[in-house]
Amino acid sequence: MLVMAAPIVQQRAFVPRYGLDLAGGTTVTLSPVTPDGSRPSRESLDQAVEIIRDRVNGSGISDAETVRSGDTIVVTVPGRGRQEVLELVGTTAELRFRQVLAVAPARADAAGAPTPSGTPAASARPAALPHPSGGPVPGPSPTAPASAGPRASPGAQRDDPLAGLDLTGIEPALVEEFRRVDCSARARGQGVPDDPGARIVACSQDGSSRYILDRAAVRGTDVRNATPAVDPATGEWYVSAEFTDAGAAAFARVTGRITGLPEPRNRLAVVLDGVVVSAPAIREPVVGGSARIGGDFTRESATRLARQLRYGALPLRFERGTVEEISSTLGADQLRGGLIAGGLGLLAVVGYAMLYYRGLGLVAVSGLVVAALLTYLSVALLSAYAGFRLSLPHIVGLIVSIGVTADSFIVYFERIRDGLRAGRPLHVAVETGWRRARRTILVADAVTLIAAVTLYLLAVGGVAGFAFAMGLTTLIDLAVVFLFTKPLLTVLARVRFFAEGHRLSGLRRPRRTAAGARPAPRGT
């Protein structure tokens, strides 16, 4: 429990986040846009619904909802800010890896000035890519030149911001577009899928640099998996992408081809929805089948990008319609009622255990307390690190788990009493009773767990939330019985109060008759 509590204290995540019914959220309506203006197909809409649902609720525990309403898609996400929801569901998430052909500051007066991140204005913030031995390939040094071509005089640079750049082999029309592109615009092309078979002009994510990029060498469809991670040396977040076999071969080819080229053509730009996320320099071919996408990421933005890449690009482009903040559908009164119901149920179980099992009931009560603490820690951890949102169906599932945990105690206690009635010493009855009760507990919890997993996989919404809570508490019940209840009873079997069968211990031995026969078993 100390191990589980440490990250909670570190993140100050003492209170779990609430779901739609308890905390409200944001609703976004998305309208599809096709290239020719025609009505989108049902298959493309259904595919978009599935991808957006995976993005906002990939783990199935965030209480987010995604539904199709005619030709529009309505997304409701609990507790998130308006802008975060728009970025999560509105971006197409088309990933490309493109060679950099030319790079320049976004504005003529920015030439030679540092970007906000402190790197030279002629480049986006470089991110290291892993080399075959597993170590990072360093990006260009701060003194790296902007190009391999001859450098023009300062006066010429002021007259022409592209002076001094090596534009060899680049189409004049593309150069003119490169000259005119406005990277200070609010939407720097983001959300507009680029043509992977054509050279393009693109802006950096922070709007400080503009690029001419070659045709896409590797696409998002070549990414098998993507996960957020943090660099232990620098503390910076990045996204680790694993390629398919075809993607790994293509990535090795392009990194091998540009290795050794002059700046900036030895850079490989990571382009997401037409925006350059990072453009690291390649020092040697990368043949490991994975890449590291770096940038000014936070934990949330790295997780969001990894989720977008993992679940794929949207088959359609969407226009954002109405965006509304919604209030909770139930609120504090229903939460308070659920907690009161759970408390009353717990008190009823505790009272029954103490009246029927007496001293042995203290073991059941302590086990329930441990289970409650583990449940709280699990919910808080999942809320802080996995996007879990506590809703009323989850609370119902947690309340039902009280009976599941108490049932495991009763099965074990009754097997111990059976051993005492057979004339065994308490320490022997504890071991033989455990062997008999263990199988029953495992079978009962396995049935509950199978039902919970089935509901979780096949259902959505509140039913899936109830199933998740029931499955979680079933696993906690197994941990408590195996790692707490059994060892505690093994210790108590050597305590005189319980070993001698005191009348308040709940383990009183049956009296024998004069002939040595035992009377019929009693409830106490």
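Cα centroids of the stretch 374-414 and the stretch 279-293: 44 Å apart.
What a 1.4 Å probe finds exposed on the stretch 204-319 is 47% carbon and sulfur by accessible area, rounded to a whole percent.
Work out how much length Thr34 to Ile410 would gain on full extension: take 0.36 nm times their residue separation and subtract the Cα-Cα distance, in nm to one decimal.
Value of the extension gain: 129.1 nm.
In a fully extended conformation the segment linking Ser44 and Ser69 would gain 7.6 nm over its present Cα-Cα distance, using 0.36 nm per residue. With a simple spin-label model that places each label point 7 Å from the Cα along the Cα-to-Cβ direction, the separation between Met4 and Asp245 comes to 4.2 nm.
Rg and Dmax over the alpha-carbon atoms of the stretch 380-488 stand at 16.6, 53 Å. Over all directions, the projected convex hull of the C-alpha atoms in the stretch 327-516 averages 12.3 nm² in area. Take every Cα pair under 8 Å whose residues are at least 6 apart in sequence, average their separation, divide by the length of the stretch 327-516, and the relative contact order is 27 percent.
Relative to one another, the C-alpha centroids of the stretch 1-59 and the stretch 422-452 are positioned 41 Å apart. Heavy atoms of the protein chains alone define the surface here; on that basis the stretch 271-418 has 41 Å² accessible area per residue at 1.4 Å probe size.
Packing, taken as the mean count of other beta carbons within 10 Å per residue, orders the peptides 198-205, 495-502, 167-174, 255-262 from highest to lowest as 198-205, 255-262, 495-502, 167-174. Where in the stretch 344-361 does the amide nitrogen come within less than 18 Å of the point 7 Å from the Cα of Thr440, taken along Cα to Cβ? Once the point is set 7 Å along Cα→Cβ of Thr440, 353, 356-358, 360-361 turn out to lie under 18 Å by backbone N, inside the stretch 344-361.
Separation of the stretch 254-272 from the stretch 340-364 is 68 Å, based on Cα centroids. Applying 0.36 nm per residue to the separation of Ser327 and Glu500 and subtracting their alpha-carbon distance, the gain on full extension is 56.3 nm.
The values are calculated or read from the model by the stated rules, or taken from the named source; none is laboratory data. Please read all numbers here as calculations on a predicted model, not as lab measurements. Glycine also receives a Cβ, built like all others from the backbone with ideal geometry; neighbour counts cover every protein chain displayed. These accessible areas exclude ligands, DNA and RNA; they are computed on the full protein's heavy atoms, side chains included. Shrake-Rupley method; radii C 1.70, N 1.55, O 1.52, S 1.80 Å.
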